[in-house]
Amino acid sequence: MPVSHGGSNERRNTAAKMQKEMVNQESEVMDATEDRYWSSGSVENHENISKSALAYISESGKNPVSLVMEYMQRVGVQVVFDKCIDKGGFQVSTVVDGVRWSGVVCSSKREAKVSCCRVVIDYLIRQGKIRTRSSCEGGIQLKNSIFEQMESALYSCFDYECSSNSELKASEKVIAGIFMVDAVAAECHLISWATGNKCVQGSALCTNGCTVNDSHAEVLCRRGLLRFLYQQLEVYLRDEQKSIFRKVMGRLTLRPSLTFHLFISTAPCGDGRIFSFSSEDVASGSAHRPEVDKNKGALRTKIECGEGTVPIPGDVHMQTMDGIFGGERLRTMSCSDKILKWNSLGIQGCLLTAFMRPVYLCTLTIGQLFHYGHLSRSVCCRLGDSLKLPLPFKLNHPYLASCTALSSHRAVSRSPTLAVNWNISDGTVEVLNALTGRVNRTGEVSRLCKRAMYECFEAVESKVRRTSADALTDETYLNKKERCKDYINARDCFLKALESNGYGRWLKKPDEEKMFTLNH
C-alpha cells in the first residue's frame, strides 16, 4: 500500500458505487447456525486467499460463515448476503467496509456462502481487523509493515521541510502524524503532522481565542486534522461524491472504507509514559491487556514551560484567569488523558459534531517507550465498563503498535520551544513559539488556535444555513460549543466516569478564554 504525504485531495467513489449496486437485489440475512462446517481442509483454495486466512479458518474449527457472523456481531454490523444464479451454479456476495466481496461460483447456495465468507475473512485479516495467532505472536515486527511505512513517510516529509529551513530541526524531539487509509483505493495519505512538547506560559493566556495553549506534537497534529475535516465539509457541500463523508440518517459520517491512524515518536506524556521507563513490554495488538492497579491511571497535568507531568492536587478544582495572571501555575491536561478523551468522544471534538458523527482512531503507533500494558490502560482501558456513553459515542480501543525503525535513531536531547505543524488542506508549514502560542518571530495568530477553528466552523455553518457568516458571529465560542448537546452529554458522562473511578477531576482552562466572538 503506497503512503503519500501530499497530492490531490480527491477521493475515490468506489464505496458509494458499490453500495448502490445493492438496490433492488434479492437479499437475505444469514443465520450461521444453519450452515454445516466447512474448513480450509475440506475446501480447495479456489478463491486464492492468503495462507494466513487458510490457517485462521482451519485452526478455528468453525464454518467461515460463522466466523464472519461472529466478527460482524462484535462490531455491530448486520451481514446481508446477496445471491445470484448463474448457468454454472450459484454465487454469493456481501458488502463489507463499503466494498462488495464475491466468492467463486459453486454448485450449491451453501457452498457459495462459504466461498464468499472465505474471501471476506481474507480481506479482514489483510486489513488487520482480524488478528491471526501468527500475527499476534509476531506483533508488527514484519519488515515494511504499514506502520513502518507511515513512520518513514512522516520523517521524509519532515526532513524535506528541514532541507529548506534548518530551524525546524530543533523542534524534532517529539513528532506525530495522522494518516488516512483508504481500503478501497489501497492508499494511505499523510493528513497532518506536527512537532513540539511545550505548552503556553500562563502570562500569554488570552480571552480572544488567539493563542494555542498546547503545542505538544499529538495535540497540534489533531488540530491539523480538524482543518482537514472542515475542508472536507466544504467539499461535501459542493460535491458530496468527492468528499470523505456520506450522509446516514441525516448526519454525515466517514465513508466506511476510510480509517484514521495516529503515529507518535514516543509514548504520550502522562499515565502512558511515566511507568514505561522502568518496564519492558513489546506486545501489540487489538486485544488489550492493560496493567491496572490503584496507583496507576490518575489524571495528570503538564508542567508549564517545562517537560513532564504532575498529579492534579486534590484541592485544585478549577482555574481562573485572575489566579493565573497572579502567578498560579497554568495546568494543561496530559496527552495520555487527551487521547483517552479522543477515544471516548472522538477525535473531531465538540463543534464538528454539529455536522457529523464521531470519528475514532483505528490504530495508535508509538516509537520509543512503548509499553503495551501501560499504553492500553492510559488511552482507553482505564475506564472500561464504567463508562456509559450515549450513542453514537463509544469507548474506542484502537489497535496498538510499536515501530522504532527510525524513531530510536533520531532522539533529540534538548527540549525545543518551537513547534511545527503541517496539514494537507493548508499545504504549508507553520512554526509556533510554544511559550507564546503564536507564530514564531512575527507573533501572528496561528491557524490552529480556537479563533481560527471557530472561523472554520462559522464558514461551514453559514453555507449549511445559507446565511451570511456575519449574521452568525455574535454568539460566543463557549455558547456555540454548549449548543452541541449530544457531545456535551457524552462529555459529562466521560468526566463523571473519571471521578467515579478515582482518577481525579478533569482540569479545564478558565471559561473566560472561550467567551469571545468573531466580531470582537
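The values are calculated or read from the model by the stated rules, or taken from the named source; none is laboratory data. Worth saying up front: this structure is predicted, and the values here are computed from it rather than measured. Every residue, glycine as well, gets a Cβ built from its backbone with ideal geometry; the counts of neighbours run over all protein chains shown.
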* Cβ pairs under 7 Å, 6+ apart, first in the range 223-243 and more than 14 Å from Ser462 (Cα to Cα), second of a type outside the set (A, V, I, L, M, F, W, C) and in a helix (DSSP H, G or I) -> Val235/Lys242; Ser243/Gln232; Ser243/Tyr236
* Structure fact -> Of the residues in the range 479-497, those that are surrounded by 15 or more Cβ atoms within 10 Å (Cβ to Cβ) and either within 16 Å of Asn208 (Cα to Cα) or at pLDDT below 95 (or both) come to Lys480, Lys481
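Looking only at residues that are more than 22 Å from Arg273 (Cβ to Cβ) and within 32 Å of the chain's Cα centre (by Cα) in the range 310-320, which one is surrounded by the most Cβ atoms within 10 Å (Cβ to Cβ)?
Ranking the candidates gives Gln319 first.
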* Structure fact -> Counting only residues that are more than 25 Å from Ser102 (Cα to Cα) and at pLDDT 75 or above, the range 121-144 contains a total of 0
* Residue among Tyr155, Tyr160 that alone is in a helix (DSSP H, G or I), at pLDDT 85 or above and under 23 Å from Leu400 (Cα atoms) -> Tyr155
* Of these, Leu330, Leu351, which one is closer than 17 Å to Lys485 by Cβ, touching a residue at least 24 places away in the same chain (Cβ under 8 Å) and crowded, with 20+ Cβ neighbours inside 10 Å? -> Leu351
* Restricting to helices (runs of 4 or more DSSP H) lying wholly in the range 294-401: which have 2 or more residues that are at pLDDT 95 or above and at negative phi? -> 335-345
* Among the strands (runs of 3 or more DSSP E) contained in the range 11-100, which hold 2 or more residues that are touching a Phe, Trp or Tyr at 6+ places or on another chain (Cβ under 6 Å) and at pLDDT 75 or above? -> 89-96
* State all residues of the range 71-90 that are within 23 Å of Gln127 (Cβ to Cβ) and over 26 Å from the mean Cα position of the chain (by Cα); if no residue qualifies, say none. => Val80, Phe81, Asp82
* Return the total of residues in the range 101-115 being part of a strand (DSSP E or B) and within 30 Å of Thr253 (Cβ to Cβ). => 2
* Any idea which of Arg447, Arg441 is assigned by TED's automatic domain parsing to the domain that holds Arg377 and without any contact (Cβ under 8 Å) to a residue 40 or more places away in the chain? -> Arg441
* Asked: Can you tell me which residue in the range 313-363 is farthest from Asp182 (Cα to Cα), limited to those that are charged (D, E, K, R) and in contact with a Leu (Cβ under 9 Å, 6 or more places away or on another chain)?
  -> Arg331
* Selection from the range 144-170 of residues that are among the small types (Gly, Ala, Ser) and under 20 Å from Asn423 (Cβ atoms) -> Ser152, Ala153, Ser156, Ser163, Ser164
